[in-house]
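The values are calculated or read from the model by the stated rules, or taken from the named source; none is laboratory data. Bear in mind the structure is a predicted one, so any value in this text is a computation, not a measurement. Backbone-built Cβ (ideal geometry, glycine too); neighbour counts: all protein chains shown. All accessible areas refer to the heavy atoms of the entire protein, side chains included, with ligands and DNA or RNA removed. Shrake-Rupley method; radii C 1.70, N 1.55, O 1.52, S 1.80 Å.
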Amino acid sequence: TALGIAHCSADGSRASLHAALRTLLAVPWPSQRDVRAWLQLLAVLQWVLSFLLLGPVTLVLLLYLVFTRFWPISALYLAWVIFDWDTPEKGGRRLPCLRRWSVWRHFRDYFPVKLVKTHDLSPGHNYIIGSHPHGILCVGAFCNFITGSTGFSELFPGIRPFLTTLAGNFRLPLFREYLMSGGLCPVTRRAIGHLLSKNGTGNAVAIVIGGAAESLSCSPGVTTLILKNRKGFVRMALQHGAFLVPSFSFGENELFRQVVFEEGSWMRAVQQRFQKMMGFAPCVFYGRGITSVRSRGFLPYARPITTVVGEPVTVPKIEEPSSEEVDLYHGMYVRSLLKLFNDNKTKYGLSEGDELRIV
């Protein structure tokens, strides 16, 4: 009968539903550990892609729109950049909410990154923090001084951290807005001088002193800093009376594998010439892939990074410091950095025999 057929159909539907539920429950669901690992990987992926592709891709897109009916978008953005041209040199336009972005916690935990304080920093002074080493992508400097994920504000209350980067990055559309929103500024005398003289006290400007040239010597097991003839930051500190603070990120050089060309080779000469012309060095490096830690790709390996902030070197204000005065305080800074390295190297992955080479 029709009633019997309907009853059998309903029983069949329930049986099918039960079978589907049993099949679904039999599929292994990702654990909380797996979910955390994926979130951490995605956080690092978005950061790497932002730094490597956001500026060039946006520039190409705006140039393409010029030749379409959407050309007003490019024209309006160009007008905005012209109007806003000097903002990066005047402290930028940082957004505190970006420092608190939850993505940065996953970014921190991927490695993980840790910030260690050895001495207090008084809000009544300004500071230049020397960040060492450069590594490939300055992960430790970015995570500690730009994001709030490692607790910089809690460790150093009343101190506003800034991080400097190549001025050319602020010429790339949209990328400049991204950098400024996090508290990055151009590594120029004008920008650093503004932060140290026209922004009150309690400012800490972090400078990756070795710069692009140092990245060419980045390799695991080797700690070489380009610092011996880098004295401009000391002169700036003296002119503004900003205390010098050394910091070292243990583990920074372990994040990638780099093909290091020997001094005197033609490939090394090409890298150095490119670096002088463009401001950054074309490194040949690789990390892990997206799908597996055993595959090769452009993501950093998950290696612990511990950034130790050392004791401030007290610096007087001298508007026109002599070469001798610059050399004096540069020497004091180098000795403070060496002490910081030697006091902490065995705590964070290095052996007692490891040395810090300064060239």
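Against the condition at pLDDT 95 or above, touching a helix residue (DSSP H, G or I) at 6+ places or on another chain (Cβ under 9 Å) and open to solvent by 20 Å² or more (accessible area, probe 1.4 Å), how does residue 150 come out, does it pass? Here the answer is yes, as residue 150 does meet what is asked. Total residues in the range 306-359 satisfying the condition of being touching a Ser or Thr at 6+ places or on another chain (Cβ under 6 Å), among the hydrophobic types (A, V, I, L, M, F, W, C) and at pLDDT 95 or above: the figure is 2.
When the range 108-134 is filtered for residues that are in a loop (DSSP other than H, G, I, E, B) and either more than 15 Å from the chain's Cα centre (by Cα) or under 18 Å from residue 45 (Cα atoms) (or both), the ones remaining, listed by number, are 111, 112, 118, 119, 120, 121, 122, 123, 124, 125, 126. Put simply, of 126, 144, 169 the only residue that is out of contact with any Ser or Thr (no Cβ under 9 Å at 6 or more places or on another chain) and either at pLDDT 95 or above or polar (S, T, N, Q) (or both) is 169.
Rundown of residues vs (1) surrounded by fewer than 16 Cβ atoms within 10 Å (Cβ to Cβ); (2) at pLDDT 95 or above; (3) polar (S, T, N, Q), yes/no style:
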residue: 220; (1), (2), (3): yes, no, no
residue: 233; (1), (2), (3): no, yes, no
residue: 237; (1), (2), (3): no, yes, no
residue: 240; (1), (2), (3): no, yes, no
residue: 245; (1), (2), (3): no, yes, no
residue: 283; (1), (2), (3): no, no, no
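Counting just the residues of the range 122-147 that are in contact with a strand residue (DSSP E or B) (Cβ under 8 Å, 6 or more places away or on another chain), of a type in the set (S, T, N, Q) and open to solvent by less than 10 Å² (accessible area, probe 1.4 Å), which one comes out farthest from residue 302 (Cα to Cα)? So that I can check it myself, show each step before the final result.
Filtering the range 122-147 down to residues in contact with a strand residue (DSSP E or B) (Cβ under 8 Å, 6 or more places away or on another chain) leaves 125-136, 138-146.
Next cut, of a type in the set (S, T, N, Q) only: 126, 131, 144.
Pick out the ones that are also open to solvent by less than 10 Å² (accessible area, probe 1.4 Å) and you get 131, 144.
Values: 131: 21, 144: 17 Å.
It comes out as 131.
Which residues, taken from the range 40-92, are of a type in the set (Ser, Thr, Tyr), within 30 Å of residue 105 (Cα to Cα) and either in contact with a Pro (Cβ under 8 Å, 6 or more places away or on another chain) or not in a helix (DSSP H, G or I) (or both)? Within the range 40-92, 58 is the sole residue that qualifies. Condition check for residue 157 on (1) under 17 Å from residue 245 (Cα atoms); (2) touching a strand residue (DSSP E or B) at 6+ places or on another chain (Cβ under 8 Å): one failure, at (2).
Within the set 149, 181, the sole residue that is under 18 Å from residue 93 (Cβ atoms) and within 18 Å of the chain's Cα centre (by Cα) turns out to be 181. Taking the conditions exactly as written (touching a residue at least 60 places away in the same chain (Cβ under 8 Å) and surrounded by 24 or more Cβ atoms within 10 Å (Cβ to Cβ)), does residue 181 satisfy them or not? No; evaluated as a whole, the condition is false for this residue.
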